[in-house]
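Below you'll find the structure, written out as structure tokens, and then a few comments.
The values are calculated or read from the model by the stated rules, or taken from the named source; none is laboratory data. On a predicted model such as this, the values are computed, not experimentally measured, just so you know. Positions of Cβ are backbone-derived with ideal geometry, glycine not excepted, and every protein chain shown enters the neighbour counts.
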Amino acid sequence: MIFHKASEERKWKQWKEQEERILRESGVSEGVIQRLRELDWQDFNTERRYWEHFSPNQEVLYTKELEEQSPVALTIQQLLDSVENEQLLQILLESDKKTLQIL
């Protein structure tokens, strides 16, 4: 995913203008509105920094790591054997065969 700062900033400004208009109509003081703007701007910049340093390849590598670590259950018995949570296992054991096949 590529972060387009200008586009995202434009969306942010439109959102803030709408929000501030609603706040003013509701009688919120200008000081509170200004403080909210500053906090939201800090959040926007934090997210911007994250996305500017995020590599699209990281997501692919992460997905491949998950695929390698989590084997796929091919049979119902393999599925039941792989469940570690006792409550979930009990629910699955009480389920009908069709539900287990779907899982």
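Points to keep in mind about this one:
- Region 11-31, residues that are hydrophobic (A, V, I, L, M, F, W, C) and either farther than 21 Å from Arg48 by Cα or at pLDDT 95 or above (or both): Ile22, Leu23, Val28
- Within region 6-46, the residues that satisfy the criterion of being charged (D, E, K, R) and surrounded by 13 or more Cβ atoms within 10 Å (Cβ to Cβ) are Glu8, Glu9, Lys16, Glu19, Glu20, Arg37, Asp40.
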